[in-house]
Amino acid sequence: MIIQPKIRGFICTTAHPVGCQTVVQEQINYVTSHESIEGPKRVLVIGASTGYGLASRIVAAFGCRAKTIGVFYEKEADDKRTASPGWYNSAAFEQLAQKSGYYAKSINGDAFSSEIKQKTAELIRRDLDQVDLIIYSLASPRRIHPITEAVFSSVLKPIGQSFSGKTIDAFRGEVKDVVIEPATQDEIAATIAVMGGEDWAMWMEYLLKENVLAQDVKTVAYSYLGPQLTHAIYKDGTIGKAKEHLKMTADQLNGMLKKLNGEAIVSVDKAVVTQASAAIPVVPLYISLLFKMMKEKGTHEGCIEQIYRLFHDYLYAKHPRPRDQEGYIRLDDYEMKEEIQQKIMALWPQITSDNVNELADVKGYCNDFYRLFGFGIDKIDYNKDTDPQVKIPSIE
Ligand code: NAD
């Protein structure tokens, strides 16, 4: 099959196996070229195939030499379609981990379901006995509740009043105005049900009941706060409410994990290009400006750089860097630097389709987007016939 990118709105419907493998290998190279970490030895990553979850799995395995189990929901290739990028990433990760002698197994299915929780606990018990770290890194538009079977769809909307602002169609380089009507109470509740902490708590309660959590266990979920500019649509919007719920859940889980001397933590990460963030209005334009400022300043980071810092400087440091007043780990510290944010605020009102390529790093945004799907990598010949069928070694 000749595999080329096919962009539909803010998603790409194809993925390139060799490209995805290359991007995984680059992340591994980043980690192995840095100091190794005295960290956890048995790690479960829920949402392990792309973005922050994949980076977490790579740092755990190649930075801490941990055995990893990854849970994700990805599609295998068929006669007409390539697999999803997370499928190819996970195939590459497992192959490369096993080549380096690290145990790696994966479970593909709906992490919100009871069945996948059971399967995961069984695999932990059989192969690892217990886990020392659970990373919760799901980003999903939808959740079927495992008990009531109610279907919840999350929305990215403001609360209380409509939002009007700028956004970008990055592939056309067009800056556009958007108006988004406020969410209804049902939409707010549904977004909390999908992206809040209920499922994280269900995982932790189940794993505790099954006695597969080790003494001193840690669990980390990821959040985003962002600057004033995006607050109406993010922090103060439906997704922000879900993230507040995630933080409240961490506080509850801390009570539950006391008997194991365990801890639940929320890490606030930087805005990066992932399949999840591409779907949020306003955010791609903000990210394009942010990239330009952070690259100029030499502080630009992707998922892997931040997650390496998370493990090395916070979770498993001899002298961990301080958290903020609310107990969050702030990996978004470079993003939120006043100097960076002031520049963005000054440029924001001036941005139009005519000057956006000059003022913002739209090219960098698009490159990162293509790379999510294994495209845009110089040394790969995308006109070459490529077999889309790739096996994940641990999945039959
Ligand atoms: P992503 O889209 O790259 O990854 C999502 C992961 O969840 C994938 O592994 C996918 O397979 C898995 N997944 C989705 N639905 C699933 C299901 N039903 N069952 C099993 N697995 C499922 O997302 P991301 O951007 O890395 O986001 C991960 C977390 O990081 C989210 O909580 C997000 O809010 C947070 N975060 C993201 C950013 C950003 O800019 N992207 C910034 C800060 C925090």
- [ ] Determine, yes or no, whether LYS235 is part of a loop (DSSP other than H, G, I, E, B) and either away from the ligand (no atom under 15 Å from the Cβ) or of a type in the set (Lys, Arg) (or both).
- [x] yes
Task: Top-ranked residue of the stretch 207-226 - restricted to ones that are away from the ligand (no atom under 15 Å from the Cβ) and open to solvent by 20 Å² or more (accessible area, probe 1.4 Å), ranked as nearest to the chain's Cα centre (by Cα) - done: LYS218
Task: Residues of the stretch 252-286 satisfying the condition of being in a helix (DSSP H, G or I), at pLDDT below 95 and among the aliphatic types (A, V, I, L, M) - done: ALA276, ALA278, VAL283, LEU285
TODO: Among the numbered conditions (1) out of contact with any helix residue (DSSP H, G or I) (no Cβ under 8 Å at 6 or more places or on another chain); (2) surrounded by 18 or more Cβ atoms within 10 Å (Cβ to Cβ); (3) among the acidic types (Asp, Glu), tell me where ASP361 comes up short.
DONE: (1)
TODO: Check off (1) within 19 Å of VAL59 (Cβ to Cβ); (2) within 16 Å of the ligand (Cβ to nearest atom); (3) open to solvent by 10 Å² or more (accessible area, probe 1.4 Å); (4) touching a residue at least 60 places away in the same chain (Cβ under 8 Å) for VAL268 and give me the number that stays unchecked.
DONE: (3)
TODO: Among the residues of the stretch 369-389, write down those that are open to solvent by 50 Å² or more (accessible area, probe 1.4 Å) and either of a type in the set (Ser, Thr, Tyr) or modelled with pLDDT under 95 (or both).
DONE: TYR370, ASP378, LYS379
TODO: Confirm whether ASN367 is under 21 Å from GLY19 (Cα atoms) and either touching a residue at least 40 places away in the same chain (Cβ under 8 Å) or under 26 Å from the mean Cα position of the chain (by Cα) (or both).
DONE: yes
- [ ] Quick one: count up the residues across the stretch 370-396 that are within 27 Å of the chain's Cα centre (by Cα) and not in a loop (DSSP other than H, G, I, E, B).
- [x] 3
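The values are calculated or read from the model by the stated rules, or taken from the named source; none is laboratory data. Because the structure is predicted, anything quoted here is derived from the model rather than measured. Note that each Cβ is placed from the backbone with ideal geometry, even for glycine, and that neighbours are counted across all protein chains shown. The protein model used for the area step is the full one, side chains on, heavy atoms only, and it has no ligands, DNA or RNA in it. Shrake-Rupley method; radii C 1.70, N 1.55, O 1.52, S 1.80 Å.
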